[in-house]
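Notes follow once the structure below has been shown.
The values are calculated or read from the model by the stated rules, or taken from the named source; none is laboratory data. Computed from a predicted structure; not experimentally measured. FYI the Cβ positions are ideal-geometry reconstructions off the backbone, even for glycines, and counts take in every protein chain you see.
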Amino acid sequence: MFKSFFYRILQRRHFWRYATFSEISELYISKTIRTIAMSIVSGFTAVYLYQEGYSLAFIMGFFLCYYLVKIPLSFFAGSLVVRFGPKYCILLSNLLYIPSMISLGLMPNLGIASVVLWGVFMCLSTSIYLISYLVDFSKVKNVEHAGKEIAFMNIFENIAFGISPIIGGLIALWFGLQSVMWIAAFLFIFSALPLIWSVKFTDNHQKIKFVGFPWKTTISSIIAQVGIGFDYVTTELVWSLFIVIVIFPKVGWGIYVKLGVLSSVTILAAIFVSYIYGKLIDNKKGGDLLRISVIANAVVHITRPFVNSAMLIVGTNIVNQTAAVGYGMSFTRGVFDTADLSGNRILYLCVSGAVASLGSAVACLVLLLGSMFLGNINGLKIFFIAAAAFVLLIGTARFNIYRK
């Protein structure tokens, strides 16, 4: 059923690529279900910890450790992809996320031990998945229409992202957040099914080699990953905490519904601009799109400390999503092209992932120090100013594909 749905959508526009349809559709299906599984709970985890009595400093310290561990894990994940192939590793990643959700669901019983177990399994799962997905998608993309294919993936992902936070918020309100964890664990099992159907175990006995790697042509895009990582923490983690701590400090458990609704209203904007951006990228306008979107995103971060109502949150989310999709798609297209040119696709993606995790760790450290020395509210406000500066690093990437 799922495959026929994706076939009908994509085959009309990509009939010359029928041989790779199975690979593309499997990625679309698996990524969409995985996004649903993550989105019904990911936007609430930091808030959940805060409402369970953990301080902002503790939360940021936890995520600081989490991202620091992810740096070496990027290379471990790369070695797994080299040895066993990306599909097998995506399958492994999805299965590893199941005990992560179960652990978090047991927090009322296990306390801090559940938080540690959640972090360990989540760290392993996300590290392996990122490298595996990027390697697989970059290999099966069509060079001439990569922008369109990235757009399709982004559209499906945003549909899932738009629906699931509301569902997750309502379930959390009615049945408790633990119920959301169990449902997410089940969905991760379901997201693995498209890959179970086709995954083939391969043992290549290859190694990642740094000798001969073209640092000169890749270094600018690698450094830019610091901004990518910092921006991810800003949008996916800190923004929700700001809403709970500063804007709606007394909402209680109903905050999960509010966060779900406020996150989901961006779906139409994201879907609309994804298609337009895909065409711009395929028409050689990706470089301009990258620079403009990065500047727009920096402006959004500067204005976040002044947001004080639901309407302003919605407006901020829409503008941020429009900008983030723009730089995300154009940057991803540049990364795929650089991966092709590097001659060492997996190593390039491993280094990029490690540097992005470093950027996320820096973001956590900034807020950790800000909350300790300035207090939660002022620390959060200063953090967004720092985020505006760091996100500009994304625009410093110089991709060969945008020089043509």
task: Determine whether the stretch 314-326 contains at least one residue that is of a type in the set (Ser, Thr, Tyr), within 17 Å of ILE281 (Cβ to Cβ) and out of contact with any strand residue (DSSP E or B) (no Cβ under 7 Å at 6 or more places or on another chain).
output: yes
message: Being outside any helix (DSSP H, G or I) and modelled with pLDDT of 85 or more: is that true of PHE213 here?
response: yes
- line: LYS250 meets each of (1) at pLDDT 85 or above; (2) in a loop (DSSP other than H, G, I, E, B); (3) among the basic types (Lys, Arg) with one exception, condition (1)
field: Options ALA397, ALA386; residue that is closer than 19 Å to ALA57 by Cα and of a type outside the set (Ser, Thr, Tyr)
entry: ALA386
- prompt: Can you name the condition, by its number, that ALA354 falls short on among (1) in a helix (DSSP H, G or I); (2) closer than 28 Å to TYR275 by Cα?
  reply: (2)
